[in-house]
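Written out below as structure tokens is the structure these notes cover.
The values are calculated or read from the model by the stated rules, or taken from the named source; none is laboratory data. Small disclaimer: the values here were computed from a predicted structure and weren't measured. Cβ placement follows ideal geometry from the backbone for every residue including glycine, while neighbour counts extend to all protein chains displayed.
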């Protein structure tokens, strides 16, 4: 049997193990261990690349979703529809259950707390 850990730089814990087994006694040579250690390094790089790729795709989808929402919102004229569109987009993109938006009264230097253009809370469901 030959076992080689898949190590990740900066982490004391291995990501996994490459395990070779053979029914033949002393089937593996010292060079086999070196070869498997190199393979483990490549495996770590591949795992890391896959994780980064997944994050890039997730970010791209979120960006596209918010861009589409922005285009849609730009065509609306009624504040309640604008707020509803914003909260729908946020809920869909970020998978949250509730979104509250507040408008701001610049003259009073405070947020508004009620209709017609105050707090809007939308819950999924």
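Please state which one of 47, 6 is over 23 Å from the mean Cα position of the chain (by Cα) and surrounded by 11 or more Cβ atoms within 10 Å (Cβ to Cβ).
None of the others qualify; the one that does is 6.
Residues are listed down the side, and each one gets a yes or a no for (1) within 19 Å of residue 112 (Cβ to Cβ); (2) in the same structural domain as residue 112 (by TED's automatic domain parsing); (3) at pLDDT below 85:
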{"site": "55", "(1), (2), (3)": "no, no, no"}
{"site": "59", "(1), (2), (3)": "no, no, no"}
{"site": "62", "(1), (2), (3)": "no, no, no"}
{"site": "67", "(1), (2), (3)": "no, no, no"}
{"site": "70", "(1), (2), (3)": "no, no, no"}
{"site": "83", "(1), (2), (3)": "yes, yes, yes"}
{"site": "88", "(1), (2), (3)": "no, yes, yes"}
{"site": "91", "(1), (2), (3)": "no, yes, yes"}
{"site": "95", "(1), (2), (3)": "no, yes, yes"}
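Filter the range 1-16 for residues that are within 20 Å of residue 27 (Cβ to Cβ) and either assigned to a loop (DSSP other than H, G, I, E, B) or touching a residue at least 40 places away in the same chain (Cβ under 8 Å) (or both) and give the result.
Passing the criteria: only 1.
Restricting the search to the range 20-29, which residues are exposed (fewer than 11 other Cβ atoms within 10 Å of the Cβ) and either at pLDDT 90 or above or assigned to a strand (DSSP E or B) (or both)?
Within the range 20-29, 21, 22, 23, 24, 29 meet the criteria.
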